[in-house]
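The values are calculated or read from the model by the stated rules, or taken from the named source; none is laboratory data. Only a predicted model underlies this, so the values are computations on that prediction, with no experimental measurement involved. Here the Cβ positions follow ideal geometry from the backbone for every residue, glycine too, while neighbour counts run over all protein chains shown.
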Amino acid sequence: MLAFTARRLLFAIPTLLAISFIIFAILDLAPGDPTASLPLTVPPEVRAQIRASLGLDEPFVIRYLLWLNQFMVNEPLNLIEQWFGVTIGDGERLRVISWATRSPVVDLIAERMPQTLWVVGMSYVVGILIAIPIGVISAYKQYSWFDQFGTLFSMAGFSVPTFFTGLLCIVIFSVNLQWFPSVYDTTHRVTDWGSFWFQFMQMIMPVMVLALFNAAQVSRFLRASMLDTLNQDYVRTARAKGLRERTVLLIHVLRNSMIPVVTVIALNIPTIFGGAIITEQIFRVNGIGQLLITGIVGADIPLVQTLTVIFAVLIVLFNLIADILYGILDPRIRYE
């Protein structure tokens, strides 16, 4: 297991370098100039000085290597210093700077990350907790009324886009019934029971909109996997031995059925950190998704590059975690 993990980590390094180069090249070649929003009265020489101050007068390869050093070396060292209160070297390092705000990009991401984790992360957990019982019962009681309901639930949750369900929830529960606030207050702080209750109420609609979408996908995968496992010989053997039906279902069937489901869950976890762009826009959640939209609209290339590469790193990481979990769920899988 350790040798397999080490090999995958070593293989991930050139993979991430290639991904970062492609992302940097695509965004660098895309139309957009940090001086485009300046007034027309600004002289050309001043625009040239601004571009030079941002390093845009350097060749493409030099700019990529500088950005790579800032993102892969300087920013991790700065995070280590902040987390552990130590000083590495002289402490003076070039950082990835946003063109729009002139602030370090990692600091902007750190400011928005808690809101995204609260809403998108909670919705993912809730979605999995909803999907597993639905998938298990639907497979065990195939073609029953519960299975028909689960199929309808999955079809609706996966087919209807989140911008429609989000707006529908706002119209019904915020405008007509006035149960929940329609706008997520990102400046709210939990200090007592009343503030906690307000935080809970404003999270319900965005969390449930995203949880419906996540649960629909996971429940369908789990149902299909369990239907295939229920017909295996070892399941009939376990029943012939006189084991209780609950033991057969939860120990023998569910564990082996989770292998393809783990892939779906693990590969979707990076979307938690990437934010839910549409849902965050609808409910005005000031998270990573909205930060990415702001960077795209404002042609803030360093911000978009950093967010995109972080998302790629998370995909590679959780792909590795999913492969490791295969061996835990199914002892027959060997990595040697």
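Taking segment 220-235 as the range and being of a type outside the set (A, V, I, L, M, F, W, C), surrounded by fewer than 17 Cβ atoms within 10 Å (Cβ to Cβ) and at pLDDT 80 or above as the test, only D228 passes. On inspection, A266 fails the criterion of being touching a residue at least 60 places away in the same chain (Cβ under 8 Å) and either over 30 Å from G55 (Cβ atoms) or not assigned by TED's automatic domain parsing to the domain that holds F213 (or both). On the given criteria, is F198 part of a helix (DSSP H, G or I) and over 22 Å from S154 (Cα atoms)? So F198 fits the description; yes.
Here V175, V248, V209, V235 are screened, and the one residue that is part of a helix (DSSP H, G or I), in contact (Cβ under 8 Å) with a residue 60 or more places away in the chain and not acidic (D, E) is V209. Can we say R95 is charged (D, E, K, R) and at pLDDT 80 or above? Spelling it out, it is not the case that R95 is charged (D, E, K, R) and at pLDDT 80 or above.
Taken as a whole, the structure leaves G55 outside the set of residues that are surrounded by 12 or more Cβ atoms within 10 Å (Cβ to Cβ), modelled with pLDDT under 75 and out of contact with any Lys or Arg (no Cβ under 9 Å at 6 or more places or on another chain).
So, of the residues in segment 18-39 that are assigned to a helix (DSSP H, G or I) and either in contact with a Ser or Thr (Cβ under 8 Å, 6 or more places away or on another chain) or modelled with pLDDT under 85 (or both), which turns out to be farthest from V96 (Cα to Cα)? By that ranking, first place goes to L29. A single entry from V119, V73 fulfils the requirement of being closer than 30 Å to P206 by Cα and at pLDDT 75 or above: V119. Every listed requirement among (1) surrounded by fewer than 13 Cβ atoms within 10 Å (Cβ to Cβ); (2) modelled with pLDDT under 85 is met by A238 save one, (1). Scan segment 160-208 for residues that are crowded, with 16+ Cβ neighbours inside 10 Å and either in contact with a strand residue (DSSP E or B) (Cβ under 8 Å, 6 or more places away or on another chain) or under 17 Å from Q290 (Cα atoms) (or both) and the total you get is 8.
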